[in-house]
Amino acid sequence: MTTSLPVAFDLTIVPLTSERLDDLAALFGQGGDPKWCWCTYFRVRGRSFSNSTAVENRSLLGELADRGPAPGLIAYRDGRAVGWVSLGPREDYERLAYSKTLAPLDDRPVWSIVCFVVGRLERGHGVAGALLEAAIDHARANGATMLEAYPADTGGDRIPSATAYKGTLSMFERAGFT
């Protein structure tokens, strides 16, 4: 039997800037929803596959990267983007403001982590966990006092990546979330 050890220690994780959009495009180009969504789904109410394009969504994320704080973090290994986490002040996510299931619990200011993307060949090597730790630090550095997320409870089983994009409950619990 062989085991795969986490290799997250050789990652460099940095905030998204407009200069790094091409790197993110290479990661998102591996397929799935990120290729279209560009992590703007939660940022604009009513945005869907039918009423927006990848070009529009990329442009919006680029504008957000220019404004700051960075709308997310990119993980690099050997100069190549291998992971992404989308986070920011909850008010930056218009869809959350109108959600019945993800409605705010109170008026306290909070940051939200809404999405992870990990390259296909990088999954299972600790990239998402490293991104989560970096996201916590990034939120704190930008004044966040509370951080929320909406992870998937896998029940200990493997789940499709299309379901795991929010992160997993066990990953958040290991990072100290309750």
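The values are calculated or read from the model by the stated rules, or taken from the named source; none is laboratory data. Everything numeric in this text was worked out from a predicted model, so none of it was measured. Positions of Cβ are generated from backbone atoms using ideal geometry, with glycine treated the same way; all protein chains shown enter the neighbour counts. Only protein heavy atoms, including side chains, enter the accessible area calculation; ligands, DNA and RNA are left aside. Shrake-Rupley method; radii C 1.70, N 1.55, O 1.52, S 1.80 Å.
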inquiry  = Could you list, ordered by first residue, the pairs with Cβ atoms under 8 Å in which the first is in the range 135-150 and on the phi < 0 side of the Ramachandran plot and the second is assigned to a helix (DSSP H, G or I) and of a type in the set (Lys, Arg), at least 6 apart or interchain?
reply    = Glu148/Arg90
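Sort out which residues of the range 86-112 are in a loop (DSSP other than H, G, I, E, B) and either hydrophobic (A, V, I, L, M, F, W, C) or without any contact (Cβ under 8 Å) to a residue 24 or more places away in the chain (or both), and write them in order of number. Let's see the steps before the verdict.
Kept after step one, since they are in a loop (DSSP other than H, G, I, E, B), are these residues of the range 86-112: 93, 99-110.
Residues satisfying the conditions are Ser99, Lys100, Thr101, Leu102, Ala103, Pro104, Leu105, Asp106, Asp107, Val110.
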ask   = Give me the pairs: first residue in the range 34-55 and at pLDDT 80 or above, second residue of a type in the set (Ser, Thr, Tyr) and crowded, with 22+ Cβ neighbours inside 10 Å, beta-carbon distance under 6 Å, and six or more apart or on different chains, which are they?
value = Cys39/Ser86; Phe42/Tyr93; Arg43/Tyr93
query = So Phe116 clears everything in (1) assigned to a strand (DSSP E or B); (2) over 16 Å from Tyr165 (Cα atoms); (3) not aliphatic (A, V, I, L, M) except one condition, right? Which one?
reply = (2)
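Mind listing just one residue for me: the one in the range 110-123 that is under 14 Å from Leu87 (Cα atoms) and out of contact with any helix residue (DSSP H, G or I) (no Cβ under 7 Å at 6 or more places or on another chain) and, of those, surrounded by the most Cβ atoms within 10 Å (Cβ to Cβ)?
In this case the residue turns out to be Val114.
Somewhere in the range 124-131, is a residue surrounded by fewer than 15 Cβ atoms within 10 Å (Cβ to Cβ) and part of a helix (DSSP H, G or I)?
no
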ask   = Hey, does the range 8-20 have a residue that's within 18 Å of Tyr165 (Cα to Cα) and aromatic (Phe, Trp, Tyr)?
value = no
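Are any of the residues in the range 5-27 among the β-branched types (Val, Ile, Thr), part of a helix (DSSP H, G or I), at pLDDT 85 or above and open to solvent by 50 Å² or more (accessible area, probe 1.4 Å)?
We begin by selecting, within the range 5-27, every residue among the β-branched types (Val, Ile, Thr); these are 7, 12-14, 17.
Still in the running and part of a helix (DSSP H, G or I): none.
Checked against the condition, which is being among the β-branched types (Val, Ile, Thr), part of a helix (DSSP H, G or I), at pLDDT 85 or above and open to solvent by 50 Å² or more (accessible area, probe 1.4 Å), the range 5-27 yields no hits at all.
With Arg80, Arg95 as the choices, which residue is open to solvent by 10 Å² or more (accessible area, probe 1.4 Å), in contact with a Lys or Arg (Cβ under 9 Å, 6 or more places away or on another chain) and either at pLDDT 95 or above or not acidic (Asp, Glu) (or both)? Show your work before the answer.
Details: Arg80 fails: in contact with a Lys or Arg (Cβ under 9 Å, 6 or more places away or on another chain).
Going through Arg80, Arg95 in turn, the sole match is Arg95.
Tally up the residues in the range 157-174 that are open to solvent by 70 Å² or more (accessible area, probe 1.4 Å), in contact (Cβ under 8 Å) with a residue 12 or more places away in the chain and part of a loop (DSSP other than H, G, I, E, B), please. Can you show your working first?
The first filter runs over the range 157-174 and keeps only residues open to solvent by 70 Å² or more (accessible area, probe 1.4 Å), leaving 157-158, 160, 162, 165, 173-174.
Restricting the remaining residues to those that are in contact (Cβ under 8 Å) with a residue 12 or more places away in the chain gives 162, 165, 174.
Add one more test, that the residue is part of a loop (DSSP other than H, G, I, E, B), and what stays is 165.
So the count comes out to 1.
Would you mention how many residues in the range 63-77 are surrounded by fewer than 19 Cβ atoms within 10 Å (Cβ to Cβ) and without any contact (Cβ under 8 Å) to a residue 60 or more places away in the chain? First the steps, then the outcome.
To start, the set of residues in the range 63-77 that are surrounded by fewer than 19 Cβ atoms within 10 Å (Cβ to Cβ) comprises 63, 66-68, 76-77.
Filter once more, keeping what is without any contact (Cβ under 8 Å) to a residue 60 or more places away in the chain: 63, 66-68.
Number satisfying all stated conditions: 4.
Check the range 98-105 and report whether any residue there is hydrophobic (A, V, I, L, M, F, W, C), more than 27 Å from Asp10 (Cα to Cα) and under 14 Å from the mean Cα position of the chain (by Cα). Working first, answer last.
Within the range 98-105, the first condition is being hydrophobic (A, V, I, L, M, F, W, C), and the residues that meet it are 102-103, 105.
Then keep just the ones that are more than 27 Å from Asp10 (Cα to Cα); that gives 102-103, 105.
Imposing the further condition that a residue be under 14 Å from the mean Cα position of the chain (by Cα) reduces the set to none.
No, the conditions are met nowhere in the range 98-105.
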